[in-house]
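As structure tokens, the structure follows; a few thoughts come after it.
The values are calculated or read from the model by the stated rules, or taken from the named source; none is laboratory data. All values derive from a computational prediction rather than experimental measurement. All Cβ positions, glycine included, derive from the backbone under ideal geometry; neighbour counts span all protein chains shown. Surface areas here come from the heavy atoms of the whole protein model, side chains and all, with no ligands, DNA or RNA. Shrake-Rupley method; radii C 1.70, N 1.55, O 1.52, S 1.80 Å.
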Amino acid sequence: MIDLRSDTVTKPTEAMRKAAYTAEVGDDVYEEDPTVNRLEERAAELLGKEKALFVTSGTQGNQIAALTHCRPGDEVILEANSHIYVYEVAGFSALANVQSRPIIGNRGAMDPEDVKHAIRSENIHFPTTSLICMENTHNLAGGAILPIENMQAIYKVAKDNNMNVHLDGARLFNASVASGISVKEYAKHADSVQFCLSKGLGAPVGSIIAGTEEFINKARKWRKMLGGGLRQVGIIAGPGLVALEENVDRLIEDHVNAKILADGLANIDGIIVENQVETNIIIVNVKNTGHTPESFVTALKEQGILAGVFGKETVRFVTHYDVSREDIDKTLAVIEGTVPM
Ligand SMILES: *Cc1c(COP(=O)(O)O)cnc(C)c1O
């Protein structure tokens, strides 16, 4: 099977399995696991933040950020198609007890003017706007990279209004490798940052959140409440360290493969590539192929290729390190044979 459903399907490499096996461990609730401590130090250093915390998933990291930054009854500004708003089981309302204020962006980027206008003034009727969330790369916008100027402008709006910014950087390393802008530079325009070790970076489990020492100390307590206080976590932090050492620069290969796949798909009659492919995500519209997204995905599956149903007319492909250049060629050949059915 060539699995192009998501970059979360990557299997741990030999080096990661070895790192898990040999990891020096301790009880992380006592902050005594040397391997997770090293991973957190390395992540904080890469992001230019005072401290970092290993969390079980990107979702847990984003939820902890809201719990730490906000008080119940606050309002949070976020993009209408953001992962936090669409795919996190309404955790912001159910766990952090905050109200989300979605703003429709352009390729995932909110207009700073719209953000400014959404901030509540002082009025007895209004909640307090305490947080703005951004997402880079933007998943539903097809792996779009938020322009650094956009992040900078929104961060300025936040600071002018005494608010915090959380960056959902599940795929921040994809943005960085594609744009040539360091993750540290991106992270400057956020008070807290979450990134996933378990997507394109290939680790089996985990995410990082980073921020000031004060933020992380509070976040650690929220993580405990959410059941994320783990014990000999070096077993999974070890592979995370390998991910940061070995799998960042190679993300460029995934982007090259995505571009080749997108260009090939665009040349197949009936297929429309909907997004400008900047990183590792391709969204295609299949309405002119005589298929529904479901029947298209099923037809590919029967021929050994997995893709994901994305929208009413769309299918998503995601490249990652378990997909080779040959796999891309094979995928294109299969789709070429599938479309006229
Ligand atoms: C995958 C993803 C998350 C959540 O990460 P999980 O580890 O799956 O919980 C958050 N934000 C974005 C943009 C994502 O793509």
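Every helix of 4 or more DSSP H residues in the chain counts as -39500 (n - 2.57), and over all residues that averages to -12500 deg cm²/dmol at 222 nm. Local charge for His83 was computed over the other residues whose Cβ lies under 11 Å away, with Lys and Arg +1 and Asp and Glu -1, and equals -3. For the stretch 11-246, the relative contact order is 32 percent, taking Cα pairs closer than 8 Å that sit 6 or more residues apart in sequence and dividing their mean separation by the residue count. Charge tally for Ile132 (other residues, Cβ to Cβ under 12 Å; Lys, Arg +1; Asp, Glu -1): -4. Note on the stretch 211-255 and the stretch 138-200: Cα centroid distance 17 Å, given to the nearest whole angstrom. Using the Cβ-Cβ distance between Asp322 and Ile124 with R0 = 56 Å, the FRET efficiency computed as 1/(1 + (r/R0)^6) comes to roughly 0.50.
Other residues within the sphere of radius under 12 Å centred on the Cβ of Val334, judged by their own Cβ, net out at -2 (K and R +1, D and E -1). Remark on Ala141: its backbone amide H falls under 5 Å from none of the residues 5 or more positions apart or on other chains, H modelled at 1.01 Å from N.
In a simple Cβ point-charge model (Lys, Arg +1; Asp, Glu -1; nothing else charged), the stretch 1-112 has a dipole of about 400 debye relative to its Cα centre. The apolar share of the surface of the stretch 180-272, taken as the fraction of accessible area on carbon and sulfur atoms (1.4 Å probe, ligands and nucleic acids excluded), comes to 54 percent. Note: the chain, Cα convex hull, 129 Å³ per residue.
When only the Cβ of Lys, Arg, Asp and Glu is charged (+1, +1, -1, -1), the dipole of the stretch 250-338 relative to its Cα centre reaches about 160 debye. If the chain linking Glu41 and Leu306 were pulled fully straight, counting 0.36 nm for each residue of separation and taking away their Cα-Cα distance, it would gain 91.7 nm. Placing a label point 7 Å from the Cα of Lys218 along the Cα-to-Cβ direction, the residues of the stretch 143-179 whose backbone N falls under 18 Å of that point are 158-168.
Note on the stretch 250-338: semi-axes of the ellipsoid equivalent to its C-alpha gyration tensor, largest first and rounded to whole Å, are 19, 14, 12. In the context of the full set of protein chains, the stretch 171-245 has a per residue accessible area of 35 Å² (1.4 Å probe). Stretching the chain fully between Asp249 and Met1 yields a gain of 86.7 nm (0.36 nm per residue, less the alpha carbon separation). Here the extension length gained between Asp263 and Ala80 equals 63.0 nm, from 0.36 nm per residue of separation less the Cα-Cα distance. What the Cβ-Cβ distance of Lys11 and Tyr87 gives, at R0 = 22 Å and to the nearest 0.05, is a FRET efficiency of 0.45. Calculated FRET efficiency, Lys116 and Lys188, Cβ-Cβ r, R0 25 Å, to nearest 0.05? Efficiency computed from Cβ-Cβ geometry: 0.80.
Computed about its Cα centre, the charge dipole of the stretch 11-246 is approximately 300 debye, with only Lys, Arg, Asp and Glu carrying charge at their Cβ.
So what's the gap between the Cα centers of the stretch 286-341 and the stretch 98-129, to the nearest angstrom? So the two Cα centres are separated by 38 Å.
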